[in-house]
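Everything on this sheet refers to the single structure shown next.
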């Protein structure tokens, strides 16, 4: 097995998250690229493209960005798609051969923003959960008090029903807000990633 073939085989191992067709297309592209560039040794290939691990993570980041951009044309992409962008960009930056100072700064910013967004999302979910729990407790209290204290029972039933209505309104709004937050994080990650790639290409 030649060194270019060994490199492509090693690269394939890092592209397992991709669908078979997308993985084959990427491998075919880089196989042809290596051949056209006349890169016959492992050292020459890695000087141009990086290690299979680095290139694999770059391909996954690029692919997740492409999918997210396509989905975001009709509004915020799914939270799963946006967080996938954040994750693969983070991994690509960690394994990318960039300067130590720049890498640490970018990672610190990404992790900080990601942690803040995750905390906000958890807070939203906790708030929705609290509304649901209080609504159930109020309804239970209202039903149990109806016989002994009808007015108090009706009061708690009213609170419970109001909270259920609020819950039904908040669930879709929260879902949309979470998608919006995740898309914002993905867009910021893409911005940093593109800046790093532009800096690498300028060298």
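Remarks
- Unmet criterion (only one of (1) touching a residue at least 24 places away in the same chain (Cβ under 8 Å); (2) part of a loop (DSSP other than H, G, I, E, B); (3) more than 22 Å from residue 197 (Cα to Cα)) for residue 74: (1)
- When residue 163 is tested against (1) buried (at least 16 other Cβ atoms within 10 Å of the Cβ); (2) at pLDDT below 90; (3) within 26 Å of residue 121 (Cβ to Cβ), just one condition goes unmet, and that condition is (2).
- Scanning region 124-148 for residues that are out of contact with any helix residue (DSSP H, G or I) (no Cβ under 9 Å at 6 or more places or on another chain) and farther than 30 Å from residue 182 by Cβ returns a single hit, 148.
- Once region 1-19 is narrowed to residues that are in contact with a helix residue (DSSP H, G or I) (Cβ under 9 Å, 6 or more places away or on another chain), more than 15 Å from residue 32 (Cα to Cα) and surrounded by fewer than 13 Cβ atoms within 10 Å (Cβ to Cβ), the residue that is modelled with the lowest pLDDT is 1.
- For region 5-30, filtering for residues that are closer than 16 Å to residue 54 by Cα, assigned to a helix (DSSP H, G or I) and in contact (Cβ under 8 Å) with a residue 24 or more places away in the chain leaves 9.
- Candidate set: region 55-74, residues that are surrounded by fewer than 19 Cβ atoms within 10 Å (Cβ to Cβ) and modelled with pLDDT of 85 or more; chosen: the one farthest from the chain's Cα centre (by Cα): 70
- Taken across region 92-99, residues that are within 25 Å of residue 180 (Cα to Cα) and either touching a helix residue (DSSP H, G or I) at 6+ places or on another chain (Cβ under 8 Å) or part of a loop (DSSP other than H, G, I, E, B) (or both) do occur, with at least one present.
- Filter pass, residue 123 being loosely packed, with under 13 Cβ neighbours inside 10 Å, within 30 Å of residue 196 (Cα to Cα) and out of contact with any strand residue (DSSP E or B) (no Cβ under 6 Å at 6 or more places or on another chain): no
The values are calculated or read from the model by the stated rules, or taken from the named source; none is laboratory data. What you see is a predicted model; the values in this text were computed from it and never measured. Heads up, the Cβs are rebuilt from the backbone with ideal geometry, glycines too, and the neighbour counts pull from every protein chain shown.
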